[in-house]
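Just below is one structure, and these are the notes that go with it.
Please treat every number below as a calculation from the coordinates, not as lab data. Just so it is clear, the model here is predicted, and its values are computed rather than measured. As a convention, Cβ positions derive from the backbone with ideal geometry for all residues, glycine included, and neighbour counts pool all protein chains shown.
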Amino acid sequence: MRRIGRVGLLGLALMTQAADVPLAQQQARVSPAWITDGVMYQLWLRAFTPEGTLKAAEKRLPQVAAAGVTIIYLSPINLQDDDMRKEHWAPRQRKTDNPRNPYRIKDHDVIDPEYGSEEDLRTFVKEAHRLGMRVLMDLVYLHCGPTAVIIERHPDFMLREPDGKLKMAAWGFPGIDFKCPGVHEYFWKNMEHWVRDFDVDGFRCDVADGIPLAFWETARDRLEKIKPDIGMLAEGTKKENQLKAFDLSYGWGTAFKKWDDASAVRALCERMRSERPQGGAKFIRFIENHDFVQDEGSNRLDKVWGVPRVNAVLVALYTLDGVPMLYNGQEVADISRNSLYAKWPVDWSAAEKPTGKARFALCQKLSALRKAEKALTKGQVIWLDNDASEAVLSFVRAFGDEQVLTAVNLTGRPVKVTLKGSVAVGKPLLSEGVNGDVQSGLTLAAYGYFVGKK
């Protein structure tokens, strides 16, 4: 029997102790400041410009940066599978004639010519960096296309039925077997390739919960040897994924999709926070992404909800804990029809209309506030009770002696609200449709909001 030394016993004791500590009492990893202090922007290439290419998108990056964006989340640019058998198409895809789904990959190591070349990606990343923005690439590892090169080159990497046929994962795509050690090495090298050879700053990981967490944790270890401040965003809600592997997760939930009940939003925020490790901004805050705009019948929320409602919710997203995220043209209140498969470009002329100019200015102001007020990026959230709890979302971000108060009316009717507890706010920072004061009571117009500082 092998003897265990004092160091080994100490390590074993610490591991046992950590296992006994409830997850909510453990500490989340300390993430890079560029993540926690950032403003994110999902760039969907097919719609971002009429050309739908990296080169064309690069020319528009200065306008994105001018809105206060500091992180570009670049949707998948890998070579897409063009197999025409519709049983291997996603359900929404079957309504089109386009086999080329950005989330159905043929080759994970190759850039799709639809988007450009390797040199185009290098210059895109370089220009983003010049403008003070980081770049996250979108990774799709859970599955692949039915004619993917991984199937031919590494048949043992695929999930199989008892008869040896390919086993399908979600959406009718062939599933990849992460119980096979070779799969891990294959994709770790893929991630290292994009960081080492293209200087990308991290990854948004598609359906991250469907892949073993140990894979992502080792990936982080390896990537940090190349770029110590690598950033990782999980599309998933696994509660322990921020202990080591990921910096951010999505904030899924009905309340976060509707934003029409302040009490439901608060309850969801409180529950998600209580279930997870402590420390920092750990969710992206958004109301549009490539999936959500599709689920809304290809209509943008500025058309479905109306501009004032979207503005009010953006104020909440930017001032809550987490990292706010804009989607493709949202910064100019674009209402163009959106598609995962068609090339329907953003109507950038919206930026010259009064509504577009006002939205852009609002995004600039909110981004500047996040940069100027440390409480908005480092402070804890202290929820404030009020006497209109279903209509008005109210909270304070507190960091040291600094406090920033937010009150947002999420309804289309005026509301008079009194905030409960001791609130000392002397300096309004941003407001719309506000009468009265915090001490005696605020009257918020439909979708009105107030942000003030102690």
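Could you sort the peptides 358-364, 245-251 by per-residue average Cβ neighbour count (10 Å cutoff), highest mean leading? Don't skip to the answer; put the middle values down first.
On the way: 358-364: 18.6, 245-251: 24.0.
By packing density, highest mean first, the sequence is 245-251, 358-364.
Using alpha-carbon pairs under 8 Å, 6+ residues apart, how would you state the relative contact order of segment 230-359 in percent?
Numbers: 156 pairs, mean separation 26.1, N = 130.
Computed value for segment 230-359: 20 percent relative contact order.
In degrees from 0 to 90, rounded to the nearest 10, what is the angle of the helix 307-319 Cα long axis to the longest principal axis of the chain?
80 degrees
Please state the relative contact order of segment 40-111 as a whole percent: Cα pairs under 8 Å, 6+ residues apart? All intermediate terms of the calculation are to be shown ahead of the outcome.
Details: 74 pairs, mean separation 23.6, N = 72.
For segment 40-111, the relative contact order is 33 percent.
Nearest 500 deg cm²/dmol is fine: what mean residue ellipticity at 222 nm does the chain get from its DSSP H runs of n ≥ 4 alone, each adding -39,500 (n - 2.57), divided by its residue count?
Numbers: 15 runs with 150 residues, N = 454.
Roughly -9500 deg cm²/dmol at 222 nm, from the helical runs in the chain.
In sequence order, what are the phi-derived ³J(HN,Hα) couplings for segment 227-240 according to the Karplus relation 6.51 cos²θ - 1.76 cosθ + 1.60 with θ = phi - 60°, rounded to whole Hz, with x for glycine and proline?
9, x, 9, 4, x, 9, 10, 9, 7, x, 10, 4, 5, 9
Based on the Cβ-Cβ distance of Glu161 and Asn190, what FRET efficiency does E = 1/(1 + (r/R0)^6) give at R0 = 35 Å, to the nearest 0.05? Walk me through the numbers on the way to the answer.
On the way: r = 26 Å, r/R0 = 0.75.
Between Glu161 and Asn190 the formula returns 0.85.
Over segment 392-453, what is the mean sequence separation of C-alpha contacts under 8 Å (at least six apart), divided by residue count, expressed as relative contact order in percent?
Numbers: 140 pairs, mean separation 24.2, N = 62.
Computed value for segment 392-453: 39 percent relative contact order.
Between Trp383 and Asp401, what is the label-to-label distance in nm when each label sits 7 Å out along the Cα-to-Cβ direction?
Each label point is offset 7 Å from its Cα along the Cβ direction, giving 3.0 nm.
Take the alpha carbon gyration tensor of segment 303-454, find the square roots of its eigenvalues, order them as a ≥ b ≥ c, and report rounded if a/c is under 1.5; if not, report prolate when a/b exceeds b/c, else oblate.
Numbers: a/c = 2.26, a/b = 1.67, b/c = 1.35.
Verdict is prolate for segment 303-454.
Under 16 Å Cα-Cα from Lys189, which lysines qualify once same-chain neighbours fewer than 8 residues away are excluded?
Lys225, Lys227
If I take R0 = 30 Å and measure r between the Cβ atoms of Ala361 and Glu119 in this structure, what FRET efficiency does the formula 1/(1 + (r/R0)^6) give, to the nearest 0.05? Working shown, then result.
On the way: r = 36 Å, r/R0 = 1.19.
According to the calculation, E is roughly 0.25.
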